[in-house]
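See below for the structure under consideration.
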Amino acid sequence: MVEDVIGTDLLDIQGEKSYHPRTEQLLATARSFLSYKASVVGLVITAIYFIFALVDWVYPAILGIPAATFNNMTTYSPFAIGTISGGINNDGIFRPGLAHGFPYLLGGTIFNFPLLLGMIASLRFDIGYSVLVVFTGAAIGSSVGVIAGYLGRWADELLMRLTDIFFSIPFLILIIAFSLAFTSFFNSSLTAMIVALIIVWWPTYARLSRSLALSTKSLNYVEAATAAGSSKTRNIFYHVFPNVLSPIFVQISLDLGSVILIFATLAFLGVAGSQISNYTFPELGQLISSGSSTFQTTFTGVHLGTPVIWWPIIIPGIFLLIFTVSINLFGDGLRDALDPRLRK
Amino acid sequence: MELKYFILRRSLVIIPTLMGLTVITFILLWGLGPELIYRGINSSPKVNIPLSQQALILSQNGFSAAVVNGKLVFTNPIGMYFNFVSDLFRGNWGYIIGQPLTAPTLQAIEFYFPNTIQLAVGATVMALLIAMPLGTYIGARPNSASDQVGRIFSLSGYALPAFWLGLVLIVLFGNNGTAGFGNGTSGNTPVGIIPYLNIFPYFGNGTEFLSTTAPKGFFSSTFGQTLPTHIFLIDSLIAGKLNYFVIALAHMVLPVATVTYGVLAGILRFIRAGMVDASGQEFVKTARAKGVPEGQVIKKHIRKNALLPTVTVLGLLISGLLGGVVTVEIVFNYKGIGWLAVQAALNYQAWGILAITFLFGIILMVTNLIVDVVYAFMDPRIRY
């Protein structure tokens, strides 16, 4: 290819090691990314979370979590794990500390579910399904958006009106309503919730990629491709789509954090029905809500533990916060690194 | 384009969006299916009612259902859709039955909505009071230390789940009772772990304690609301009862703080960007060159122009509030519209879910319309 030859020649003249121009570009991006210290920290922490989720998925026994499918409630039963004699206080609550062994380092919920194990076990669900939702949503949304943006006219107008509708309903309400409505259709409240999230999530990507496609399609190289006989389909998938991808990856990295928050919120509200609001299923929001039930029951007169049991609320929440902040930092850094105009 | 044509075009766009909204709500209704909707209508499954009877009850409630092959199914989707749409637009929004209350949906909304307004207005006032000066300060000093602090603050606003923040506030400052604010039946029961500051009630909006003590004409026990505006803060002032006002105010502290933190992040980022944008303009350089003092430049030249795009914050704010109040109302057992929405959803109250989805959609659409029109009015360039 022409630019290959030119690129190599120029680099040879300067006497530096020469790479393929694409590799050069990638290296420049990586160098730029590595110069943002906060983003690198974000990447490292995010990677650790992902590794935990993967290990838990592939071989949970390493982490001391019993191998189980998500449908097997009994294996995660708090009573199966929590029956360690002498580990429980008078009020039946594990307090933080090493006294009860490693899994109880961070204490337990009022149902004697060890927090440390619960938090690590929840990563598989939280990260796994967030990745599923965000990537599916991004794939659907960006394809629709790029096609509509490239075709313009009625396709564009249709897409804009369609996304208008989705943006005009607060998404939490929409997700709750959708996941309820689809439960009987899918015979599973969890599947319904995932589908509902995807339905609510794709319009963001459609809007984003539409606006990117609009600006890309009028660029000279696309016109040149058209003049050279490139068809519409080829234009869309070979010339426009690759140029839309990097902002979409930035959006994906930012959204992974938001979807985990929504999972936690839905579990807290008890929306996904028995499948995740059950106290035997590890999910960060559900762990938090099991903590909160201590003072929600106080109002009805059953005061479980004084002073208030703060660790089942604070600890999983901070665990979640560290992940969302890291992934946001990572996404911010990625955005700056991928946009050459913002490079230092 | 002239302003009136812009307004006309922008208003007409609402019509297809509104129709799409009704289609989506109808899909939700269809997806729920006759069995769940029946469960919402008659929540006592112990009584074994024949399917034909169930179908009859469903059709009495406006759902055309029939028994086909021993299963309850909806019949005539097109007819049902048009019935549904005409019902929606005539304000005939069915009933919520059993859980969380039994009432016509519209009446339930009418009773719960004022509580949400109280929360939303409180949070809006707080958010603007904090964001305006803070955004101006940070925006005038981009990339300074205070800017970095502001960025972390914004980031944490995005990264925090609202319900968790609410719970943390309860753990720190909560008090199960009316806590030193007098007139509480539960008295002072500190729950929060910070001594002396754990005085803030976290259950409801304060009206829960009124049922036994409130004078007649001030409290309606049907829905647990005060009269005449149903907004406890205002009603207590109208009735001249200062102790009630203090109770109402105390109950607002934690929920308002939670909602405010959630919406603040977005607004702060927006105002900061507006300030940075405006400070790069030529007229700012001119003003500085003329020797206008720096404080005046920021106040008169930069902020005035930065506030223009901030009008769009209104749309952002409303959508953030409508989403944000849902979880916050659940955490604090604050009986507003978001609380009603979740309760209705968890109890299969079809009309409750649909009505609130529809209502929120309309509110957001109208807000966006107003924002666009105001923006076009202020900035002629926008009328493309």
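Among the residues of the stretch B:372-383, at least one is open to solvent by 50 Å² or more (accessible area, probe 1.4 Å) and either closer than 18 Å to B:Ser319 by Cα or within 15 Å of the chain's Cα centre (by Cα) (or both). From the list A:Thr109, A:Thr75, the lone residue that is polar (S, T, N, Q), surrounded by 21 or more Cβ atoms within 10 Å (Cβ to Cβ), modelled with pLDDT under 70 and within 23 Å of A:Ala267 (Cα to Cα) is A:Thr109. Only a single item in (1) modelled with pLDDT of 80 or more; (2) more than 15 Å from A:Leu256 (Cα to Cα) is not met by A:Ser326, and it is number (2). Considering only residues that are surrounded by 15 or more Cβ atoms within 10 Å (Cβ to Cβ) and free of Cβ contacts under 8 Å to residues at least 12 places away in the same chain, look in the stretch B:12-23 and name the one that is farthest from A:Ala181 (Cα to Cα). Ranking the candidates gives B:Val13 first. Within the stretch B:157-180, the residues that satisfy the criterion of being at the interface with chain A (Cβ under 7 Å from one of its Cβ atoms), open to solvent by 10 Å² or more (accessible area, probe 1.4 Å) and touching a residue at least 60 places away in the same chain (Cβ under 8 Å) are B:Tyr158, B:Leu160.
Looking at B:Gln107, is it within 26 Å of B:Tyr38 (Cβ to Cβ), open to solvent by 30 Å² or more (accessible area, probe 1.4 Å), assigned to a helix (DSSP H, G or I) and out of contact with any helix residue (DSSP H, G or I) (no Cβ under 7 Å at 6 or more places or on another chain)?
Judged against the criteria, B:Gln107 is a match.
The residues on offer are B:Gly266, B:Gly291, and the sole one that is on the phi > 0 side of the Ramachandran plot and either open to solvent by 10 Å² or more (accessible area, probe 1.4 Å) or of a type in the set (A, V, I, L, M, F, W, C) (or both) is B:Gly291. Report yes if B:Ser86 is among the hydroxyl-bearing types (Ser, Thr, Tyr), within 14 Å of chain A (Cβ to nearest Cβ) and more than 20 Å from A:Phe178 (Cβ to Cβ), otherwise no. Here the answer is no, as B:Ser86 does not meet what is asked.
Okay, residues lined up against (1) among the charged types (D, E, K, R); (2) within 14 Å of another protein chain (Cβ to nearest Cβ); (3) buried (at least 23 other Cβ atoms within 10 Å of the Cβ):
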| residue | (1), (2), (3) |
| --- | --- |
| A:Asp126 | yes, yes, yes |
| A:Ser142 | no, no, yes |
| A:Val146 | no, no, yes |
| A:Phe166 | no, yes, no |
| A:Ile173 | no, yes, yes |
| A:Ile176 | no, yes, yes |
| A:Met193 | no, yes, yes |
| A:Trp201 | no, no, yes |
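Return yes or no: is B:Pro215 on the phi < 0 side of the Ramachandran plot, surrounded by 20 or more Cβ atoms within 10 Å (Cβ to Cβ), more than 27 Å from the chain's Cα centre (by Cα) and not hydrophobic (A, V, I, L, M, F, W, C)? When the stated conditions are applied, B:Pro215 does not pass them.
The values are calculated or read from the model by the stated rules, or taken from the named source; none is laboratory data. Please read all numbers here as calculations on a predicted model, not as lab measurements. So basically every Cβ, Gly included, is an ideal-geometry build from the backbone, and we count neighbours across all protein chains shown. Each accessible area value is taken on the protein alone, full model and side chains, heavy atoms only, with ligands, DNA and RNA left out. Shrake-Rupley method; radii C 1.70, N 1.55, O 1.52, S 1.80 Å.
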